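Have a look at the structure below, then the notes.
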Amino acid sequence: LSRFNDEWANKRTDRQRKAVQAESPPKQPDREIAPTQPQPQQRQLFGATQIRAIPQWVGRDELLAELHADLVQNRQVLVVYGQGGIGKTSLAVKLMEACGVDLSKSILLANCPYDNALYCQITDSDSFDTLVAKFLAAFGMPANRDGATPAQTVDKILARLHQERWLVVSDNLESLME
């Protein structure tokens, strides 16, 4: 695990350096116009239309800062669990913003340590298949599983999550487990 964390820190450092370079104005060529390079695909937030506005945020800045530091530096998974109505969703949305997710534009800012983000609002009527479909859509994979078993589909999702660093918020996930 420590080797993985070291490798990830190196990748994050490279990504941050590239982000700073990308923000620098391009150098003008002396004689010829340089050919245009294909632009990297915009890192984005999937599921942004499901995110509700947070009308009031009071007294949790210290907790938010602590969770942000812990998530970005130490954790691959962070579970926020508790009684309904105590602000778990608000905390998760504010944490996404703290991680560099621009909710209004559905993009990830240069300072975001993640490659992409996904917000899944789970309702009581949703099923495991609904959650899988949201992941597959975010990954640009076909929703039909071409005869794959649920376990094979989960393996595909996990493989994709290992290829890139995703910030995933599954809001109300416990409703699928009841």
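The values are calculated or read from the model by the stated rules, or taken from the named source; none is laboratory data. Bear in mind the structure is a predicted one, so any value in this text is a computation, not a measurement. Methodologically, a virtual Cβ is constructed for each residue, glycine included, from the backbone with ideal geometry; neighbour enumeration extends over all protein chains shown. To get the accessible areas, we keep the full protein, side chains included, count just its heavy atoms, and leave off ligands, DNA and RNA. Shrake-Rupley method; radii C 1.70, N 1.55, O 1.52, S 1.80 Å.
Only residues that are open to solvent by less than 10 Å² (accessible area, probe 1.4 Å), over 14 Å from residue 165 (Cβ atoms) and either polar (S, T, N, Q) or not in a strand (DSSP E or B) (or both) were counted across the range 99-124, and they come to 1. Determine if the range 37-49 includes at least one residue that is open to solvent by 30 Å² or more (accessible area, probe 1.4 Å) and of a type in the set (Gly, Ala, Ser). Within the range 37-49, none of the residues are open to solvent by 30 Å² or more (accessible area, probe 1.4 Å) and of a type in the set (Gly, Ala, Ser). Across the range 156-178, the qualifying residues are those that are touching a residue at least 24 places away in the same chain (Cβ under 8 Å) and acidic (Asp, Glu), and the one among them that is least open to solvent (accessible area, probe 1.4 Å) is 171. Looking at residue 62, is it surrounded by 12 or more Cβ atoms within 10 Å (Cβ to Cβ) and without any contact (Cβ under 8 Å) to a residue 12 or more places away in the chain? It is false that residue 62 is surrounded by 12 or more Cβ atoms within 10 Å (Cβ to Cβ) and without any contact (Cβ under 8 Å) to a residue 12 or more places away in the chain.
Considering only the range 154-178, state which residues are among the charged types (D, E, K, R) and either outside any helix (DSSP H, G or I) or within 16 Å of residue 72 (Cα to Cα) (or both).
From the range 154-178, those among the charged types (D, E, K, R) are 155-156, 160, 164-165, 171, 174, 178; that's our starting set.
Residues satisfying the conditions are 164, 165, 171, 178.
Residue 45 passes every criterion in (1) closer than 25 Å to residue 136 by Cα; (2) touching a Pro at 6+ places or on another chain (Cβ under 9 Å); (3) at pLDDT below 85 apart from (2). Among the residues examined, residue 12 qualifies as modelled with pLDDT under 85, part of a helix (DSSP H, G or I), within 24 Å of residue 106 (Cα to Cα) and under 19 Å from the mean Cα position of the chain (by Cα).
Could we say that residue 82 is part of a loop (DSSP other than H, G, I, E, B), without any contact (Cβ under 8 Å) to a residue 12 or more places away in the chain and open to solvent by less than 60 Å² (accessible area, probe 1.4 Å) here? Steps first, please.
Values: part of a loop (DSSP other than H, G, I, E, B): yes; without any contact (Cβ under 8 Å) to a residue 12 or more places away in the chain: yes; open to solvent by less than 60 Å² (accessible area, probe 1.4 Å): yes.
It is true that residue 82 is part of a loop (DSSP other than H, G, I, E, B), without any contact (Cβ under 8 Å) to a residue 12 or more places away in the chain and open to solvent by less than 60 Å² (accessible area, probe 1.4 Å).
One residue stands out among those in the range 125-150 that are at negative phi and either of a type in the set (Asp, Glu) or part of a strand (DSSP E or B) (or both): the one that is most open to solvent (accessible area, probe 1.4 Å), which is 129.
Consider the range 65-79 and keep the residues that are part of a helix (DSSP H, G or I), under 16 Å from the mean Cα position of the chain (by Cα) and not polar (S, T, N, Q). The one that is surrounded by the most Cβ atoms within 10 Å (Cβ to Cβ) is 67.
Here residue 153 clears all of (1) open to solvent by less than 20 Å² (accessible area, probe 1.4 Å); (2) more than 25 Å from residue 63 (Cβ to Cβ); (3) modelled with pLDDT of 90 or more except the condition numbered (3).
Working carefully through the options 148, 133, 117, 143, find the one that is among the aliphatic types (A, V, I, L, M) and in contact with a Phe, Trp or Tyr (Cβ under 8 Å, 6 or more places away or on another chain).
Details: 148 fails: in contact with a Phe, Trp or Tyr (Cβ under 8 Å, 6 or more places away or on another chain); 133 fails: in contact with a Phe, Trp or Tyr (Cβ under 8 Å, 6 or more places away or on another chain); 143 fails: in contact with a Phe, Trp or Tyr (Cβ under 8 Å, 6 or more places away or on another chain).
Being among the aliphatic types (A, V, I, L, M) and in contact with a Phe, Trp or Tyr (Cβ under 8 Å, 6 or more places away or on another chain) holds for just one of 148, 133, 117, 143, which is 117.
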